[in-house]
Every structure is written in C-alpha cells, then in structure tokens.
1. So which residues in the stretch 180-198 are under 24 Å from Asn74 (Cα atoms) and either within 16 Å of the chain's Cα centre (by Cα) or of a type in the set (D, E, K, R) (or both)?
2. For the stretch 157-242, which strands (runs of 3 or more DSSP E) that fit wholly inside it have 2 or more residues that are farther than 16 Å from Phe254 by Cβ?
3. Would it be correct to say that Val19 is free of Cβ contacts under 8 Å to residues at least 40 places away in the same chain and away from ligand 2 (no atom under 16 Å from the Cβ)?
4. For the stretch 159-182, enumerate the residues that are touching a residue at least 40 places away in the same chain (Cβ under 8 Å), within 16 Å of Gln145 (Cα to Cα) and crowded, with 17+ Cβ neighbours inside 10 Å.
5. Answer with yes or no whether Tyr261 is touching a residue at least 40 places away in the same chain (Cβ under 8 Å), of a type in the set (Phe, Trp, Tyr) and more than 25 Å from Ile186 (Cα to Cα).
6. Which condition does Ala258 not pass, out of (1) at pLDDT below 95; (2) more than 16 Å from ligand 2 (Cβ to nearest atom), if it passes all the others?
7. Given the condition within 25 Å of Asn74 (Cα to Cα), basic (Lys, Arg) and free of Cβ contacts under 8 Å to residues at least 12 places away in the same chain, answer yes or no: does some residue in the stretch 201-213 qualify?
8. Restricting to the stretch 13-34, name every residue that is among the β-branched types (Val, Ile, Thr) and either within 10 Å of ligand 1 (Cβ to nearest atom) or within 18 Å of Tyr112 (Cβ to Cβ) (or both).
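The values are calculated or read from the model by the stated rules, or taken from the named source; none is laboratory data. Keep in mind that this is a model prediction, so the values were computed, not measured. No Cβ is skipped: glycine too gets one built from the backbone with ideal geometry, and neighbour counts run over all protein chains shown.
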Amino acid sequence: MLCPHKCVLADGNTGRCLVRKNVDGVLMNLQYGYLSAKHIDPVEKKPLYHFYPGSKVLSVGGYGCNMKCTFCQNHHISQYTPHWETLKYVSPESLVSEAMLLPRNIGLAFTYNEPTVNFEYIMHTATLAKQASLKNLLITNGYIQKQPLLDLLQVVDAFNVDLKGFTQKFYKEFTHSSLVHVLHTIETLVHNNKHVEISWLLIPHANDNEREFINALKMLSTLKTNSLVLHISAYHPAYHMSEPATNAVQLLRFYELAKQYLKHVYVGNMHVGFGDNTYCSHCGTIIISRNSYTVDIKNVKNKKCTSCEAPIDDIIF
Ligand code: SF4
Ligand SMILES: [Zn+2]
C-alpha cells in the first residue's frame, strides 16, 4: 500500500489520488511520466532555504493528490485529472539528461502536485539522477506508508514537508487525511538524517490557534536535528476556502512565536520585511540575505562564519 488511505479498488476503479487504477486486476500508475509542469526554479521557491542556497533546480509535477485540502493553492492539477493533451510525456532518461545540461542546476525537484502518488516514476527518475550525481528534492504532504517512504529515502536528498495543522480534527476536516502519518514521516526523515524543511501555511480561522501552533513548535523543537527549518507561508483564498488572506500582523505574531522554539524560521508568500535572511546560529551575524529569489551569501568562508569562526553545519552549500 502506497498511502494510508489503503484504497480497495474494484476492477476499473481509481483511487482517491486520481492516479492509481485497477486495470484488469493490475494496479496501474496512470500518470507515469506524464508531466503537467516543468520549470527551472530557484531552490528557494520550493521552499528550501538551507539546501544549496542560490542554486536552481529542474522542477516537475504531474497531477493528483491523496489529500483533499479545501484551501489547495494548486487545485487545478491536484484535484482534477487535466486534459491529457495538456500533459507531456517525459521519460526518466530524458528528464535526467535535461537536468544534467542546465547550468547551476543541482538536480530535480518533484513538486507542484503531491509527488508521492507518482511513486514509480520518482523512484526510476531519482535513481538515474543520483547515478548522475544530481540531487533529488521532494516537496510533499508526507502522507505515505512506511515502506515506500523508506524506499524514497534511498534516492531523495532533501524534503520539504507540509505540516498543515496540529490536530487530527483539522487534518480530517480540511484535508481528509490524518496527522499521525504526517508526523511519522517527519520523524522518519529526521531519524534517517535527511535534510528536512517544514512548511506551515497560516490560514486565518483554520489553523491559527496559537496554542496548537505552539504544540507543533514544541514537537519540532524536540526533533534530534540541527538543521530543521520552518517556513510560515501566507495563505491566499483558493479552491473552496474564501477566508481573507493572512495579514502581515498575524504573520509577524506567528513568526515571533516560532523564533522562541526554532533557530531558523522564515516567512513566505508575502513581502513583509522580516523572515527572509539567515543568521549564524552562534553569533547572529547575517550569512544569507534574500530579496525575493535573489540570494547573497556573505560572511561565510570554508563553511565557517567569518565573525565567530563557528562551523555552519545547518546549511548545505
Ligand atoms: S496512493 Fe492513491 S490509490 Fe493508493 S491508497 Fe493512496 S489514495 Fe488510494
Ligand atoms: Zn557566527
């Protein structure tokens, strides 16, 4: 079973994710190789701020998702099957060849829709990419069973995992999935020393209960890693959710709360004048300044802070 929904599919039926179908008794991945999007993006756009900052990554997505988030910002590809003529078949070999030829490109990012439902394509493509010394990035909701997750760990170098809320009630009501499996994914990634950044989309009147957010921060702060990064992103009305967008005052409040528990907290989806830059976690000297996707690495030499000489071991350069 790929994901915790454990769909039981009669012949001809398709799973909740829209992409896995019982065809004459064989479970097929309908979107294998069929991409809805392919772009060369700054790695910061994933968002990953501590993984080869300033580099580019060839980013691809298909369609479908195993969550049903009422606020999905990419619902046009995650919650519907696109017209097949809008999808383009790209074999694993072609995608890796393209990635190898791009300047300043570190590898492949599987993103846009939920990539894990396209498990077989990722395994094949990421294995080839790894053999070619490229990096593999996965931007995921973390809703996956243990064994396929362990398989992905063999080929994926960095993960951004959405933590969409911190109660089972929220996950059930707003995403039609469950929190416990997502937490298990985050813990497994950390336990296996993978680079992990977490995204929290801050939605007014949905997951903006401060007590619940603090509970999430406490959990994240207990994870045994020195490189955990939290991105708090501003929500904008999308799909079935019409609450007004997150405002800067609320974003600042949650940013300051998070800074009490975690060393590296950033804000996204809104230019607010805070939560962009990275500071040395020993002396506080700025080491990466960011302006939108313009990245300036400064005060770093030989992976050490030039002010305090401490090794910078929570960023992969
Ligand atoms: S991956 Fe798709 S078909 Fe498989 S259990 Fe999850 S939702 Fe169902
Ligand atoms: Zn320093």
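1. To start, the set of residues in the stretch 180-198 that are under 24 Å from Asn74 (Cα atoms) comprises 180-183, 185-186, 196-198.
Residues satisfying the conditions are His181, Val182, Leu183, Thr185, Ile186, Val196, Glu197, Ile198.
2. Values: elements: 158-162, 195-202, 229-234.
Where strands (runs of 3 or more DSSP E) fall fully within the stretch 157-242 and carry at least 2 residues being farther than 16 Å from Phe254 by Cβ, they are 158-162, 195-202.
3. Details: free of Cβ contacts under 8 Å to residues at least 40 places away in the same chain: no; away from ligand 2 (no atom under 16 Å from the Cβ): yes.
Taking the combined requirement at face value, the residue does not satisfy it.
4. Ser177, His181, Val182
5. Details: touching a residue at least 40 places away in the same chain (Cβ under 8 Å): yes; of a type in the set (Phe, Trp, Tyr): yes; more than 25 Å from Ile186 (Cα to Cα): no.
No.
6. (1)
7. Taking every residue of the stretch 201-213 in turn, none turns out to be within 25 Å of Asn74 (Cα to Cα), basic (Lys, Arg) and free of Cβ contacts under 8 Å to residues at least 12 places away in the same chain.
8. Here is the first cut: in the stretch 13-34, the ones among the β-branched types (Val, Ile, Thr) are 14, 19, 23, 26.
Within the stretch 13-34, Thr14, Val19 qualify.
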